[in-house]
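Okay, structure first, notes after.
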Amino acid sequence: MDSPSPRPAETHGPTGPPDRASAREESPARNPWWDNTRFVSASLIVVLHTMGSIMDRYGPLHAFHVAAWAFRVPAFVVLAGVFSSAGPLGPRHLRTLLRSIVLPALLFSLLFSVESYALGSPFALHITQLPWTLWFLMSLFFWRLLLPLVAQLRHPLLVTTAVALAVGYVEEFGLQFSASRTLVYMPLFYFGWRLGQGMCTKWFESRWSLPTAAAGVLAAGLAAWQWHWDIKGTWLSMRHAYEADTALGMGGAWLVRLAVLASAAALVLCLLRLVPQRRLPLISVLGAGGFTVYLLHPLVILPLREKGLIERADTLPELIALLTGGVLLTALLASPPVRRLAQPLTRPPVAWLLEPAGGRAGRQDLRQARSRRAHEDAG
């Protein structure tokens, strides 16, 4: 098996979320391993959001929800870390953050508000608490700002994990500015960055790790099937402060979070080991649009959910149709034509908002250089 490339050549450095226009998405230099993984995670996210409102009604669906948790948001967080840079936050980096994170977050938040209003909800602008899945963009913005600082620490993983565990005791860290999720998922984001730098190469290359990864995924499925009703949603959501909802009480709540984060990291490693690293027909191309899927799918699912169409599903064929529909929706939104059409929203132009690269600062530097030369000539 070929050794996994730490990072695709064209995504080195601060290049924004792992999503590109179709011409670059299908570039032969792109590492298909990450794209294959993104398609798996994006499909699971869409299926969850398609069926999430009815999963509590059916034991197998709820078990599936718990078993696949680590392969959805934690996997997306790790992949976002893989494609991030710990370099200095220069002008180019900040422009990229604005174009690929800040502006899409504001645009899709506005679209969500307009759509919710059209469906009968009061109109509301969401600024400090972005709706539904958009919390990820706000957290991603802060993760990328924090990564250069975190990477300078002597023990980054230990420090970020300690913060993730401690923040559960602070009520002020909640949904506002996605503060809780940002700090709790920071260890996984840093972990993803380290994977992008080549950490765990032996795990991805060794023959023994393949059956171990399969056993890990199987164990997660069996554990979820056995105890899915006992696993609280608050343990997995990372949105709020701790609750005394275990036998350990508040004093031992951090142990539950530590176990959840450690399990997520281990299962993401298992997923990455099981996903083929070679280019797969259709899957690799669609996986390149994972970020577009993440942004667009709530706008499609929201009307179905608000109109009660999803709630009506109560037979096995209807449930299978919902699950299949989630996968097909993922494929449609990830297709190159849809990505091209959505690019003005997912990667909006910023030339109208910003100075040209090196503009104001470059002109100031030029004036200073001319002034120094004038003083030298005068001397």
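The values are calculated or read from the model by the stated rules, or taken from the named source; none is laboratory data. A quick note: this is a predicted structure, and the numbers were derived from the prediction, not measured. Cβ: placed from backbone, ideal geometry, glycine included. Neighbour counts: every protein chain shown. Please note that ligands, DNA and RNA were not included when accessible areas were found on the heavy atoms of the full protein model with its side chains. Shrake-Rupley method; radii C 1.70, N 1.55, O 1.52, S 1.80 Å.
Would a scan of the stretch 201-213 turn up a residue that is surrounded by 12 or more Cβ atoms within 10 Å (Cβ to Cβ) and within 24 Å of TRP132 (Cα to Cα)?
Looking for residues that are surrounded by 12 or more Cβ atoms within 10 Å (Cβ to Cβ) and within 24 Å of TRP132 (Cα to Cα), one finds none in the stretch 201-213, hence no.
Here are the criteria: (1) closer than 24 Å to PRO337 by Cβ; (2) open to solvent by less than 40 Å² (accessible area, probe 1.4 Å); (3) at pLDDT 95 or above; (4) not acidic (Asp, Glu). Tell me which single one LEU111 does not satisfy.
Condition (2) is where LEU111 drops out.
For the stretch 48-58, indicate whether the set of residues that are closer than 25 Å to LEU195 by Cβ and assigned to a loop (DSSP other than H, G, I, E, B) is non-empty.
Looking through the stretch 48-58, none of the residues is closer than 25 Å to LEU195 by Cβ and assigned to a loop (DSSP other than H, G, I, E, B).
With respect to ARG38, is the statement that it is under 20 Å from VAL338 (Cα atoms) and touching a Leu at 6+ places or on another chain (Cβ under 8 Å) true?
Judged against the criteria, ARG38 is a match.
Are any of the residues in the stretch 322-331 closer than 23 Å to PRO60 by Cβ, of a type outside the set (Ser, Thr, Tyr) and free of Cβ contacts under 8 Å to residues at least 12 places away in the same chain?
Checking the stretch 322-331: at least one residue is closer than 23 Å to PRO60 by Cβ, of a type outside the set (Ser, Thr, Tyr) and free of Cβ contacts under 8 Å to residues at least 12 places away in the same chain.
Quickly run through the stretch 232-244 and pick out the residues that are open to solvent by less than 50 Å² (accessible area, probe 1.4 Å) and closer than 20 Å to HIS62 by Cα. Steps first, answer last, please.
Taking the stretch 232-244 and keeping what is open to solvent by less than 50 Å² (accessible area, probe 1.4 Å), we get 236-238, 241-242.
Selection gives LEU236, SER237, MET238.
Mind checking which pairs have a first residue in the stretch 294-306 that is without any contact (Cβ under 8 Å) to a residue 60 or more places away in the chain and a second that is buried (at least 23 other Cβ atoms within 10 Å of the Cβ), Cβ under 6 Å, 6 or more apart or different chains?
Every condition considered, the pairs that remain are LEU296/LEU333.
Looking at the stretch 116-127, can you tell me whether even one residue there is free of Cβ contacts under 8 Å to residues at least 40 places away in the same chain, of a type in the set (Val, Ile, Thr) and farther than 29 Å from ARG273 by Cα?
yes
Determine which member of the set LEU158, LEU195 is open to solvent by less than 20 Å² (accessible area, probe 1.4 Å) and either basic (Lys, Arg) or closer than 30 Å to TRP33 by Cβ (or both).
LEU195
May I ask you to list the residues in the stretch 110-136 that are part of a helix (DSSP H, G or I) and closer than 20 Å to TYR185 by Cβ?
Step one: list which residues in the stretch 110-136 are part of a helix (DSSP H, G or I), which gives 110-118, 132-136.
Matches in the stretch 110-136: TRP132, THR133, LEU134, TRP135, PHE136.
I'm told TRP143 meets every condition in (1) in a helix (DSSP H, G or I); (2) over 23 Å from the mean Cα position of the chain (by Cα) except one. Can you identify the failing condition by its number?
Result: TRP143 fails condition (2) only.
With the structure loaded, tell me whether PHE173 is under 18 Å from the mean Cα position of the chain (by Cα), touching a residue at least 24 places away in the same chain (Cβ under 8 Å) and open to solvent by 10 Å² or more (accessible area, probe 1.4 Å) or whether it fails that test. So that I can check it myself, show each step before the final result.
Working: under 18 Å from the mean Cα position of the chain (by Cα): no; touching a residue at least 24 places away in the same chain (Cβ under 8 Å): yes; open to solvent by 10 Å² or more (accessible area, probe 1.4 Å): yes.
So PHE173 fails the test.
Does LEU61 satisfy being open to solvent by 20 Å² or more (accessible area, probe 1.4 Å), modelled with pLDDT under 90 and assigned to a helix (DSSP H, G or I)?
no
Which numbered condition in (1) over 30 Å from ARG340 (Cα atoms); (2) open to solvent by 60 Å² or more (accessible area, probe 1.4 Å) is the only one that ALA224 fails?
(2)
Restricting the first residue to the stretch 227-244 and requiring it to be farther than 18 Å from PHE136 by Cα, which pairs with a second residue that is at pLDDT below 90 meet a Cβ separation below 6 Å and a spacing of at least six or different chains?
Cβ pairs passing all conditions: LYS232/ASP245; GLU243/THR234.
Looking at ALA264, ALA259, which one is of a type in the set (Gly, Ala, Ser), closer than 29 Å to ALA224 by Cα and open to solvent by 10 Å² or more (accessible area, probe 1.4 Å)?
Just a single option satisfies the conditions, and that option is ALA259.
Please find, within the stretch 279-313, the residue that is surrounded by the fewest Cβ atoms within 10 Å (Cβ to Cβ) out of those that are of a type in the set (Val, Ile, Thr) and touching a Ser or Thr at 6+ places or on another chain (Cβ under 7 Å).
For the stretch 279-313, the residue satisfying everything is ILE310.
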